[in-house]
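Undergrad: First the structure, which I've put down as structure tokens, then a few questions once you've had a look.
The values are calculated or read from the model by the stated rules, or taken from the named source; none is laboratory data. If you're wondering where the values come from, they're calculated on a predicted model, not measured in any experiment. Using ideal geometry, Cβ is built from the backbone for each residue, glycine included, and neighbour counts are taken over all protein chains shown. For accessibility, only protein heavy atoms count, side chains too; no ligands or nucleic acids. Shrake-Rupley method; radii C 1.70, N 1.55, O 1.52, S 1.80 Å.
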Amino acid sequence: MSQRTFSIIKPDAVRKGYTAAILAEIEKAGFKIVSIKRMSISKAQAEGFYHVHAARPFFGELTDFMSSGPIFPMVLEKENAIADLRTLMGATDPAKADEGTIRKQFAASIGENAIHGSDAEETAAFEIGYFFAGIELK
Ligand code: ATP
Ligand code: MG
């Protein structure tokens, strides 16, 4: 059954000009891009998005980074989309990511790791609703 997940091309990847290459990997892996836009978010908006990490020592660094420049939030669809996108992204730390994954190819460090992907159905639903209105998701 087809499933939707949420992803962000993060500011490091946008700055380096990797947006199109990352989208090509995503399409090559069989995902349909249901909706996508370019935008910047404030520090407070990044804090709301990553609220589950509020107690972590890297929260300040993470939210400064995510509000440091344009991002491409998007909604992706395919069978098993949530798990398959996580596999395609690779490990959080690019040094530990498998060959051929997006983070192995395009990420520089654990803090600046090119792409976000939802980790469960409930987080995907929250994250899609955080960035997109229903009318953008037909
Ligand atoms: P994301 O949620 O962005 O898809 P993830 O699910 O692989 O990444 P999380 O554990 O949810 O990883 O952490 C969220 C983000 O916080 C990571 O993508 C990374 O940018 C940052 N982060 C995680 N651990 C660290 C760390 N030890 N030091 C600095 N930043 C970190
Ligand atoms: Mg995560």
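Undergrad: Among the listed residues Glu47, Glu27, which satisfies the condition of being part of a helix (DSSP H, G or I), closer than 13 Å to Glu77 by Cα, of a type outside the set (Gly, Ala, Ser) and open to solvent by 40 Å² or more (accessible area, probe 1.4 Å)?
TA: Glu27
Undergrad: When you go through Asp84, Asp12 one by one, which is the residue that is part of a helix (DSSP H, G or I), surrounded by 13 or more Cβ atoms within 10 Å (Cβ to Cβ) and in contact with a helix residue (DSSP H, G or I) (Cβ under 8 Å, 6 or more places away or on another chain)?
TA: Result: Asp12 is the single residue among Asp84, Asp12 that is part of a helix (DSSP H, G or I), surrounded by 13 or more Cβ atoms within 10 Å (Cβ to Cβ) and in contact with a helix residue (DSSP H, G or I) (Cβ under 8 Å, 6 or more places away or on another chain).
Undergrad: Scan region 99-129 for residues that are touching a strand residue (DSSP E or B) at 6+ places or on another chain (Cβ under 8 Å), in a loop (DSSP other than H, G, I, E, B) and either within 11 Å of ligand 2 (Cβ to nearest atom) or over 11 Å from Lys10 (Cβ atoms) (or both) and report the count.
TA: Going through region 99-129 one residue at a time, the tally reaches 1.
Undergrad: Determine whether Phe6 is of a type in the set (Phe, Trp, Tyr), in contact (Cβ under 8 Å) with a residue 24 or more places away in the chain and not in a helix (DSSP H, G or I).
TA: Judged against the criteria, Phe6 is a match.
Undergrad: For region 112-124, give me each residue that is surrounded by 14 or more Cβ atoms within 10 Å (Cβ to Cβ) and either without any contact (Cβ under 8 Å) to a residue 60 or more places away in the chain or polar (S, T, N, Q) (or both).
TA: Of everything in region 112-124, those that are surrounded by 14 or more Cβ atoms within 10 Å (Cβ to Cβ) and either without any contact (Cβ under 8 Å) to a residue 60 or more places away in the chain or polar (S, T, N, Q) (or both) turn out to be Asn113, Ser118, Asp119, Thr123.
Undergrad: Every residue in region 89-98 that is in a helix (DSSP H, G or I) and either open to solvent by 50 Å² or more (accessible area, probe 1.4 Å) or touching an Asp or Glu at 6+ places or on another chain (Cβ under 7 Å) (or both), please.
TA: Ala95, Lys96
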